[in-house]
Amino acid sequence: MDSPQRVLSALSQHARHHWTDQADCAMAWQQWPASSADATPLLLVHGGFGSWNHWVSNIEALSEHYAVWTLDLPGLGSSGDLPEPWSTSKISELVLAGWRELHGDKQVFELVGFSFGGLIAGLVAASAGSQCARCVLIGASGFGALHVQAQLLPLPGPELDQAAAEGIHRENLARLMLHDPSCIDDLAVHIHSNNLKQHRLRSRRMAGSNDLAEVLPQIEAHVVGIWGQYDATAGGRVNIEARRQLFLQAQADAEFHELPGLGHWAMYEAPATVNRLILG
């Protein structure tokens, strides 16, 4: 099996890299080869404390059907810092402005957002109006009291050796991201630890807001909700069902899927299943 570094490097080498600069915040974008010239653009928005590589298990398969784009949100990954004060509205405005700088304001596109990126994707979809045709939200935050903050171990400091630090990352992946222990592999640990080294945006307070619930009724795009049965941020079956009702109240034909046996990072645990739901 290839090393995590080689897997990510090989994937990244297939992408074209772009930069936008909105409101003094430089954002890194990645464009993946599409199977056809007229493929619909699909933007994948990663989670908090993350980067584009949250989608490592999905990009190639989705690129067979879409013109796939990813980005690093402000203050995360390779993107620049976001001037304070921070807010979900500021971040979503920067993302939509950057997207329109690259694509214009007429090109119809689809959106997929994960975790904190689901919150941002929902706000982008609401602002984009009919330009966004479909919005898939995976384990999205932004549902106020329904959202649960997982209790994590403190991040490893420089005094710990590599083995001890890796043990902490594996435990935190189990507590927050992945329900299936077999998915806490070397690639997941590498992605998680590297993303933490690059994060500057503190998104947990924003994740606990009610911002997504408030804009759901304003989204014109067809909305799809996806939650893992054991998503550590979901708050259990009752809270997942409460989200389902919010989706259906906002949009009568909304789709909502609770995926058995999966945790928060569902598209990493079961990429084929989640890819099918993204494709519709």
message: I want the local charge near GLY129. Using Cβ-Cβ distances under 11 Å, sum +1 for each Lys or Arg and -1 for each Asp or Glu among the other residues.
response: -2
- request: State, as an integer percentage, the relative contact order of the chain based on alpha-carbon contacts under 8 Å between residues 6 or more apart.
  value: 20
Total charge dipole magnitude, the chain, about the Cα centre, Cβ charges on Lys, Arg, Asp, Glu only, Debye to nearest 20: 280
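When a/c is below 1.5 the answer is rounded, else prolate if a/b is larger than b/c, else oblate, so apply that to region 36-117 with a ≥ b ≥ c taken from the square roots of the Cα gyration tensor eigenvalues.
Here region 36-117 falls in the oblate category.
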- request: Between SER78 and VAL238, with labels modelled 7 Å along Cα→Cβ, what's the label distance in nm to one decimal, could you check?
  value: 4.6
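Between GLU60 and LEU160, what is the FRET efficiency for a Förster distance of 41 Å, r being their Cβ-Cβ separation, to the nearest 0.05?
Calculated transfer efficiency: 0.75.
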field: Phi-based couplings in Hz for region 69-80 (Karplus 6.51, -1.76, 1.60; Gly and Pro marked x)
entry: 10, 10, 8, 9, 4, x, x, 9, x, 8, 6, x
query: Long-range amide H contacts for PHE256: which residues qualify at under 5 Å (H placed 1.01 Å from N, peptide plane, sequence gap of 5 or more or a different chain)?
result: GLY225
query: Arranged by the count of other C-beta atoms within 10 angstrom, fewest first, what order do ARG243, ARG134, ARG100 take?
result: ARG100, ARG134, ARG243
statement: Taking every other residue with Cβ under 11 Å from the Cβ of PHE143 and scoring Lys and Arg +1, Asp and Glu -1, one gets -1
- prompt: Based on DSSP, what percent of beta bridges with both residues in region 4-279 are antiparallel, to the nearest 5?
  reply: 30
- line: Of GLY261, GLY142, GLY113, the most mobile residue in a GNM of the chain (C-alpha springs, cutoff 10 Å) is GLY261
query: Which of GLY261, ASN194, ASN275 sits closest to the plus end of the dipole of the chain, meaning its Cα is farthest towards the positive end, when Lys and Arg get +1 and Asp and Glu get -1 on the C-beta?
result: GLY261
- prompt: Put a dot 7 Å past each Cα toward the Cβ at ALA39 and HIS103; how far apart are the dots in nm?
  reply: 1.3
message: Can you list residues from other chains, or at least 5 along the same chain, whose modelled amide H is less than 5 Å from the amide H of ARG134?
response: LEU111, HIS222
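No lab work stands behind these numbers, since they all come straight from the coordinates. What you see is a predicted model, and the numbers here were worked out from it, not measured in a lab. Here Cβ is always computed from backbone atoms with ideal geometry, including for glycine, and neighbour counts include all displayed protein chains.
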